[in-house]
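The values are calculated or read from the model by the stated rules, or taken from the named source; none is laboratory data. This one's a predicted model, so the numbers in the text were calculated from it and none came from an experiment. Cβ: placed from backbone, ideal geometry, glycine included. Neighbour counts: every protein chain shown.
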Amino acid sequence: MKIVHTEASSGWGGQEIRILEEARGMIRRGHDVSVLCNPDARILEEAPRFGVLATALPIGRKRLPGLFAMRRWLIENRPDVVNTHSSTDSWLAGLACATLAQPPALVRTRHISAPVAINAGSKWLYGRSAQHVVTTGESLKQMLVHDLGLNPENVTSIPTGIDTERFAPGEKALARQALGLNSDQHHLGIVATLRSWKGHLYLLEAFAKLDATDWLLIVGEGPMLANIEAKITELGLQGRVILAGQKPDPEAWLRAIDIFCLPSYANEGVPQAVMQAMLTGLPIVTTPVGAILEAVSDGETALVVAPQNADALATAIDRLIHDEALATRLGTAARTRAVTRFSLEGMLDRMETVFRTVTSGSAR
């Protein structure tokens, strides 16, 4: 199949990484896959690293030049499937396809749990413009079906798939040595884009309540960096927190961590960071936000605490620090569950099925 992904966002996070990982996997399976994105999008810069062709179009805003550029590209390249990912590119692609005599099939992927506007426009975008909707979690699917009246058969939950060999447990001492970290201290960690709803500020408040010999690794970049730096200074944590920045090898940092934390309070599907930590065999402290509980279960594969609650977060982390048997049991169970449910090949199989279905004669 000839598949094109569209992405109007200029940011960089789990959504953009999923697009490129999925595209790379489909290319490996013999499909012709490319990406359309805004000229200033980070995904345009990163695509060559994944072996994916990306083309810049003026699709960052809902304006006529973007609509005409999208329509012209579709006419000239004639893909079988257009897979849209953000609101703006979904509208531009949907309108462009609606003006074509022989449009490609259109699939809309919804990555986050933020509510959609319940109006005629959203019902057209998700229900009539798109032949199929993919969500990254079952709870997101149910929300769209309930709020917009979508046919459940036209909505499929497909969590992001993770490379189970790349993200796997390793020798912690060697991982820390390679990163220049002290092997004798506890290292807590979060690997996530620095966005407000990821809960970094609450994690810092919780960390300030813990033993002064512990360390916190914050891996990622994003718009909350200045706020995080200010919070570190406010709490006097300058000597105990490492701001590592964006890393191309998050698996190396995960192997160096004792406990993984993701205290998100909004917008999550099934976060890639949680699945990566599960595959690395880490004990996890997280929150019941979005579709996170579709990945982990409290007391079985993680400790789940109320969002925006630094005290509860600190208590759970402290519990894992002082109960090594519990930490080991949770990490082992998390790895087992993630290998079964969240493999990269499993995601590719399911996305391939969706694409083949929408391009079949009956679906079109």
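A few comments on the model shown:
- Against the conditions (1) in contact with a strand residue (DSSP E or B) (Cβ under 6 Å, 6 or more places away or on another chain); (2) over 26 Å from Pro223 (Cα atoms); (3) not hydrophobic (A, V, I, L, M, F, W, C); (4) not assigned by TED's automatic domain parsing to the domain that holds Glu16, His187 satisfies every one except (2).
- When the helices (runs of 4 or more DSSP H) confined to region 1-81 are screened for residues that are touching a strand residue (DSSP E or B) at 6+ places or on another chain (Cβ under 6 Å) and surrounded by 21 or more Cβ atoms within 10 Å (Cβ to Cβ), those reaching at least 1 such residues are found at 14-28, 42-46.
- Selection from region 242-270 of residues that are surrounded by fewer than 22 Cβ atoms within 10 Å (Cβ to Cβ) and in a strand (DSSP E or B): Ile242, Leu243, Ala244, Gly245
- Residue within region 93-101 that is surrounded by fewer than 24 Cβ atoms within 10 Å (Cβ to Cβ), aliphatic (A, V, I, L, M), touching a Leu at 6+ places or on another chain (Cβ under 8 Å) and not in a loop (DSSP other than H, G, I, E, B) present: yes
- In region 173-208, residue nearest to Pro283 (Cα to Cα) [restricted to those that are basic (Lys, Arg) and surrounded by fewer than 24 Cβ atoms within 10 Å (Cβ to Cβ)]: Arg176
- Matching entry among Ala306, Ala334, Ala291, Ala316 (being of a type in the set (A, V, I, L, M, F, W, C), in the same structural domain as Leu210 (by TED's automatic domain parsing) and surrounded by fewer than 17 Cβ atoms within 10 Å (Cβ to Cβ)): Ala306
- Scanning region 43-89 for residues that are under 15 Å from Asp32 (Cβ atoms) and either among the aliphatic types (A, V, I, L, M) or not assigned by TED's automatic domain parsing to the domain that holds Thr135 (or both), we see that the one that is farthest from the chain's Cα centre (by Cα) is Leu74.
- Selection count, region 102-124, where residues are in contact with a strand residue (DSSP E or B) (Cβ under 7 Å, 6 or more places away or on another chain) and either part of a helix (DSSP H, G or I) or closer than 23 Å to Ser10 by Cβ (or both): 5
- Positions within region 322-364 being of a type in the set (D, E, K, R), closer than 30 Å to Ala98 by Cβ and at pLDDT 95 or above, in sequence order: Arg350, Glu352, Arg356
- Residues that are within 24 Å of Gln272 (Cα to Cα) and outside the structural domain of Ala23 (by TED's automatic domain parsing) do occur in region 208-215, at least one of them.
- Top-ranked residue of region 169-216 - restricted to ones that are in contact with an Asp or Glu (Cβ under 8 Å, 6 or more places away or on another chain) and aliphatic (A, V, I, L, M), ranked as farthest from Asp258 (Cα to Cα): Leu194
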